[in-house]
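Participant: Structure provided below as structure tokens; questions to follow.
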Amino acid sequence: MDQNKCLLLKNGTALIHGENDRVEARRTDILVAGSKISMVAPNIAAPPGAEVINCTDKIISPGFVDTHHHVWQTLLKGRHANHTLMEYMPEGNFTSSLHSAEDTFWAQLTGCLEMIDCGTTSVVDFAHVNYSSEHSDQVIAATASSGIRSIFCYCPTPLLKTWKPFAVEMNSLGGHVLLKFDELASKAPWANGRITLGFAFDGFRFLPHENLQALMTRLRENKVQLITYHYSRVPEQGSGSHTAQLRDLGILDDRFLVSHGGNPSQEDADIYRQFGMHVSSTPSTELQMAMGSPVAAFRDDLGDAMPQCCSLGVDCHSNNSAFIPGEARMGLQSARASRGEKFLAQGKSPNSVHYTVEEAFNLATIRGARAAKMANRVGSIAEGKLADLVIFSGTSPGMVGAAQHDPVAAVILHSSPADVEYVVVDGVLRKRAGKLVNVDVDKKAQGFVGQPKLAWDDVAKEVVSRREVLQKKIEKIDMRAAAEGIKDMWHLDRSKLVDSI
Ligand SMILES: [Zn+2]
């Protein structure tokens with residue numbers, strides 16, 4: 001086990017944040033002692049027993065921060081390639097009901113390992129899979145086993161009662177749900193502090209006044225630092241702003257993180273600024289599912305509020321890659337495209353691209369850390385911060401040339417997960433020389449896993465067989481009818497859902 005050992009990264013090109021989030025590519029050594037970065041300087045002598053990694057021609061980046069991700073969805077991968085949001089809802093979101101607690105462990109572990117493989121070291125996990133107390137425990141056990149850093153945002157999950165007619169338990173805070181939340185709050189954090197407790201909920205707007213007040217009191221008593229909810233301003237959900245509704249209910253503050261925030265109004269942007277809130281933009285799903293151009297940091301037509309509050313997430317690795325630089329790339333280039341279209345519409349062309357790779361890189365790192373309320377601990381390379389680091393090859397076929405000329409451009413526009421050679425989380429190597437290291441299985445899962453350690457191949461084999469079982473269950477369900485049921489439940493305006501304009 002690598003824990004508590006010293007790690008010396010020799011002669012790498014480190015991407016170091018300075019004033020105003022400017023990024024400097026600096027040739028340096030980095031010494032990791034225990035879980036922290038203890039020294040950033042040239043020519044550091046290796047302490048006795050230190051593991052030394054030669055980083056010549058390699059780029060050392062802060063670990064990426066993914067601020068919106070449903071990590072349990074691995075068994076659904078590939079399913080939503082041509083789905084709208086309303087097609088995704090039954091086949092994606094509500095198939096949580098078909099997952100056993102053991103399925104959830106394997107799916108969650110694989111989701112975490114995919115992220116680590118991609119260089120993500122911290123994630124805000126919007127966990128809407130809490131069908132039972134055991135499901136929550138296995139999500140945490142899998143996350144702990146993987147080694148990733150996570151804010152486990154416990155979600156009171158709308159529990160499915162029947163597929164046809166489509167019906168869910170309307171009181172999503174009843175039964176075991178809040179009792180489990182209290183129990184988790186009494187036990188958090190987990191895994192040496194790597195996993196903390198947050199809260200994810202899309203139902204604030206629908207709670208009776210007393211219940212809402214009681215819930216907010218509970219969140220304070222349980223010391224929850226991060227609260228997240230889904231919101232994009234889309235026509236079928238009405239013209240009003242959900243965020244404005246929450247403001248009017250008097251519950252917003254700087255703990256709130258909006259998932260997506262698509263198609264924001266000036267009112268939305270003003271609220272984010274007023275309350276110090278943040279937004280997690282997830283370009284792949286927002287582009288696919290008609291939530292407007294991804295807001296990322298690039299919606300500067302609403303003043304500087306959006307650039308200040310944005311970060312990046314993957315949302316559904318069931319639908320797209322978990323590679324955060326890929327999302328940064330997509331957000332950046334789509335913003336350039338949207339801006340260019342405005343010029344073209346007036347018969348002109350822009351003289352500059354306006355949005356830079358440095359801004360995209362910051363969304364993936366320091367701004368993500370701010371959105372997750374972790375900027376004092378992660379998101380940049382600095383002495384005293386936690387050692388969450390990604391080391392890219394600078395000489396792979398994709399990276400060579402770009403890595404030497406402009407390492408930030410190399411990471412944002414040229415890299416792939418295959419270029420991620422080493423990943424360090426909390427001072428521990430979790431990917432080494434291009435391969436995920438074996439994981440120690442959390443003791444809560446060892447009973448059914450049957451072994452204390454797992455190699456990636458063991459995990460992949462289990463996912464393939466569990467996915468097949470899930471597929472057979474899904475094939476028996478009338479998903480079109482379920483989608484209609486969800487539209488009724490959400491009181492969507494069907495006149496706004498059309499096939500052509
Ligand atoms: Zn989501």
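Coordinate-derived values only; no laboratory data. Every value quoted in this text rests on a predicted model; they were computed, and no experiment measured them. A quick note on method: Cβ atoms are made from the backbone with ideal geometry, for glycine too, and the neighbour counts reach across all protein chains shown.
Participant: Given R₀ = 51 Å, FRET efficiency for Leu344-Leu173 by Cβ-Cβ distance, to 0.05?
Facilitator: 0.55
Participant: With a point put 7 Å past each Cα toward its Cβ, work out how far Thr56 is from Lys453 in nm, to one decimal.
Facilitator: My value for the distance between the label points is 3.1 nm.
Participant: Calculate the FRET efficiency for Ala214 and Lys473 from the Cβ-Cβ distance with a Förster distance of 45 Å, rounded to the nearest 0.05.
Facilitator: On the way: r = 36 Å, r/R0 = 0.81.
Result of the calculation: an efficiency of 0.80.
Participant: Across 5 Å bins from the origin, how do the percents of Cα pairs in region 101-222 run, short distances first?
Facilitator: Here the calculated profile for region 101-222 is 2, 11, 20, 23, 18, 13, 9, 4, 1, 0.
Participant: To continue, here is another question. Please compute the length gained on full extension between Gln225 and Glu358, using 0.36 nm multiplied by the number of residues separating them and subtracting their Cα-Cα distance. Working shown, then result.
Facilitator: Numbers: separation 133, 0.36 × 133 = 47.88 nm, distance 2.84 nm.
Computed gain between Gln225 and Glu358 is 45.0 nm.
Participant: Over the chain, what is the relative contact order in whole percent, taking alpha-carbon pairs under 8 Å and six or more residues apart? Working shown, then result.
Facilitator: Numbers: 1065 pairs, mean separation 107.2, N = 501.
The value is 21 percent.
Participant: Which percentage, to the nearest 5, of the DSSP beta bridges contained in region 64-371 is antiparallel? Let's see the in-between values first.
Facilitator: On the way: 3 of 34 bridges.
Bridges in region 64-371 are about 10 percent antiparallel.
Participant: Further, regarding this structure: Which whole-Hz couplings ³J(HN,Hα) result when phi for each residue of region 478-487 is put into the Karplus expression 6.51 cos²θ - 1.76 cosθ + 1.60, θ = phi - 60°, listed in order with x for Gly and Pro?
Facilitator: 7, 6, 5, 5, 5, 4, 5, x, 5, 4
Participant: Report the Cα-based extents of region 182-320 along its three principal axes, largest first, to the nearest Å.
Facilitator: That works out to 43, 35, 27 Å along the principal axes.
Participant: Roughly how large, in nm² to one decimal, is the mean projection of the convex hull of the alpha-carbon atoms in region 227-292? Intermediate values should be presented prior to the final figure.
Facilitator: Numbers: hull surface 16.4 nm².
Dividing the Cα hull surface by four gives the mean projection, 4.1 nm².
Participant: Using θ = phi - 60° and the Karplus form 6.51 cos²θ - 1.76 cosθ + 1.60, what ³J(HN,Hα) does each residue of region 38-48 get, whole Hz, x for Gly and Pro?
Facilitator: Values per residue, Gly and Pro as x: 9, 8, 10, 6, x, 6, 7, 6, 5, x, x Hz.
Participant: From zero outward in steps of 10 Å, how is the percent of C-alpha pairs of region 305-363 spread across the bins?
Facilitator: Taking all Cα pairs of region 305-363, the binned fractions are 21, 44, 28, 8, 0 percent.
Participant: Still on this structure, please answer the following. Return the distance in nm (one decimal) between the two label points of a simple spin-label model at Ala45 and Asn192, each offset 7 Å from Cα along Cα→Cβ.
Facilitator: 2.7
Participant: For region 281-414, what is the convex hull volume of the alpha-carbon atoms per residue, in Å³?
Facilitator: In region 281-414, the Cα convex hull volume per residue is 142 Å³.
Participant: With a 10 Å Cβ neighbour count serving as the proxy for reagent exposure, in which order, fewest first, do Arg432, Arg367, Arg233 appear? Walk me through the numbers on the way to the answer.
Facilitator: Details: Arg432 16, Arg367 26, Arg233 21.
By the 10 Å Cβ count, ascending, the order reads Arg432, Arg233, Arg367.
Participant: If each residue of separation counts as 0.36 nm, what is the full-extension length gain between Ser265 and Gln237 once their alpha-carbon separation is subtracted?
Facilitator: Details: separation 28, 0.36 × 28 = 10.08 nm, distance 1.46 nm.
Gain on stretching Ser265 to Gln237: 8.6 nm.
Participant: Please give me the summed charge of the neighbours of Asp388: other residues whose Cβ is under 9 Å from its Cβ, Lys and Arg +1, Asp and Glu -1.
Facilitator: Values: positive: Arg149, Arg377, Lys385; negative: Asp426.
It works out to a net charge of +2.
Participant: Still on this structure: Quick query: amide H of Lys453 versus all other amide H atoms, modeled in the peptide plane; which residues come in under 5 Å with a sequence gap of 5 or more or a different chain?
Facilitator: The answer is Val441.
Participant: Something else: In nanometres, what is the gap between the two model label sites at Val498 and Gln274, each 7 Å from Cα along Cα-to-Cβ?
Facilitator: The modelled label-to-label distance comes out at 3.3 nm.
Participant: Take the alpha-carbon positions of region 1-141, form their convex hull, and give its projected area averaged over all directions (one quarter of the hull surface) in nm². Spell out each step's value before the answer.
Facilitator: Numbers: hull surface 47.0 nm².
The orientation-averaged projected area of the Cα hull of region 1-141 comes to 11.8 nm².
Participant: Okay, moving on. Where the Cα atoms of region 361-501 are projected onto their three principal axes, how long is each span, largest first, in whole Å?
Facilitator: Computed over region 361-501, the largest-to-smallest principal extents equal 54, 50, 35 Å.
Participant: Now, a different point. Ranked highest first by average number of other Cβ atoms within 10 Å, how do 488-501, 385-398, 144-157, 176-189 line up?
Facilitator: Numbers: 488-501: 9.9, 385-398: 22.4, 144-157: 26.4, 176-189: 15.3.
The peptides rank, most packed first, as 144-157, 385-398, 176-189, 488-501.
Participant: May I ask you to work out the translational diffusion coefficient for the chain at 4 °C, viscosity 1.567 mPa s, via Stokes-Einstein with Rh from the Kirkwood sum over Cα pairs, reported in whole µm²/s?
Facilitator: Values: Rh = 23.2 Å.
Stokes-Einstein gives a translational diffusion coefficient of 56 µm²/s.
Participant: Just subtract the alpha-carbon distance of Ala290 and Ala433 from 0.36 nm times their residue separation and send over the number in nm, one decimal. Each step should come with its number before you reach the end.
Facilitator: Numbers: separation 143, 0.36 × 143 = 51.48 nm, distance 3.91 nm.
That pair, Ala290 and Ala433, stretches by 47.6 nm at full extension.
Participant: OK, next. Please report the spacing between the Cα centers of region 161-181 and region 254-316 in Å, no decimals.
Facilitator: 29
Participant: Next question, about the same structure. With n ≥ 4 as the cut-off for DSSP H runs, can you work out [θ] at 222 nm for the chain, using -39500 (n - 2.57) per run divided by the number of residues, rounded to the nearest 500?
Facilitator: -10000 deg cm²/dmol
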